[in-house]
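Notes follow once the structure below has been shown.
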Amino acid sequence: KPTYEGRTIDLGARGGDFYTVRSGLIEGDQVVVNGAFRIDSAMQILAKPSMMMPDGGASGAGHQHGEQAPSTQAMPDMSAMEMQSTAPEGFIEDLSAVFAAYFDAQERLADDDLGGFIESAKNLDGAVESVRVIGLSGEPLGIWRRAGGKLRLDPAMTTMDGARLSFEQMSIAIMSLQSRFGNPSGETHYTAYCPMAFDFKGAQWLQRGQEINNPYFGSAMLRCGDIEETHTPINPSIDPVQDPVHEGHDHD
């Protein structure tokens, strides 16, 4: 019609970027390779079986739209590197494109470039859609899907204030991915914080360089903020870490 259904498949040996499928598919089955995220999100909204809610949400008493029933599974404490190692290689490779598009969007806002931000956000949307999630399941898949939803551009957003509000949600999402999967890019990046953003509520973001490049104020207070944390690449040999420079608050 077309009609979609979720299938549980059993993966066998891996060969390069491909896996043997032992069960769950038969020769001739058509498989969604683009747009799977949107289909799965629509299934969740309709409370139908999906990757995140295999039972359609029936087991979550009082389950509301957009909320996830509490999990009873505990996750042991692991370092970011240990947690990253549990993610499929293809997923981590695609995640690097998501980070790159996010950084482009951050830099456009710091330049007060609304059109450039919208274009970068569209590229981010495409990068999210292209991420391969084969082999990702359970808690890591849940983190990715929640983050992926927040990384999407709101089509109704047409103002700089709206762009900066949207970017705050993007930043929350990208930092959750950073925390869970580590830094998938080939360069060190940094967590920055501005205490004056959004009427002194404060807000964080990730950026490529050590010099503060504030996306929430742009040219009005471009250097307002501090570097809070340094994130080295998953492969440290690519980009040796340097001590971050704490610029302090420049309110000029």
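Derivation of every value follows stated rules applied to the coordinates shown; laboratory data play no part. Because the structure is a prediction, the values reported are computed rather than measured. Cβ coordinates were reconstructed from backbone atoms using ideal geometry, including for glycine residues, and neighbour counts include every protein chain displayed.
Results, tabulated for the structure shown:
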{"read-out": "³J(HN,Hα) computed for each position of segment 18-23 - Karplus, 6.51 cos²θ - 1.76 cosθ + 1.60, integer Hz, glycine/proline x", "value": "10, 10, 6, 9, 7, 7"}
{"read-out": "5 angstrom amide H check on GLU229, placed H, neighbours 5+ away", "value": "THR191"}
{"read-out": "Amide H contacts under 5 Å for ASN183, placed H, 5+ residues apart", "value": "ILE234"}
{"read-out": "Total charge dipole magnitude, segment 153-217, about the Cα centre, Cβ charges on Lys, Arg, Asp, Glu only, Debye to nearest 20", "value": "160"}
{"read-out": "³J(HN,Hα), Karplus 6.51/-1.76/1.60, whole Hz, each residue of segment 108-123, x for Gly, Pro", "value": "5, 5, 4, 8, 6, 9, 5, x, x, 5, 4, 5, 5, 5, 5, 5"}
{"read-out": "Cβ-derived FRET efficiency at R0 35 Å, ASP161 paired with SER23, nearest 0.05", "value": "0.10"}
{"read-out": "HN-Hα J in Hz across segment 190-202 - Karplus 6.51, -1.76, 1.60, θ = phi - 60°, x for Gly and Pro", "value": "9, 8, 10, 9, 10, x, 8, 5, 6, 6, 6, 5, x"}
{"read-out": "Loop trypsin sites (Lys or Arg not before Pro), segment 169-212 (other Cβ atoms within 10 Å of the site Cβ: 14 or fewer; DSSP)", "value": "LYS201"}
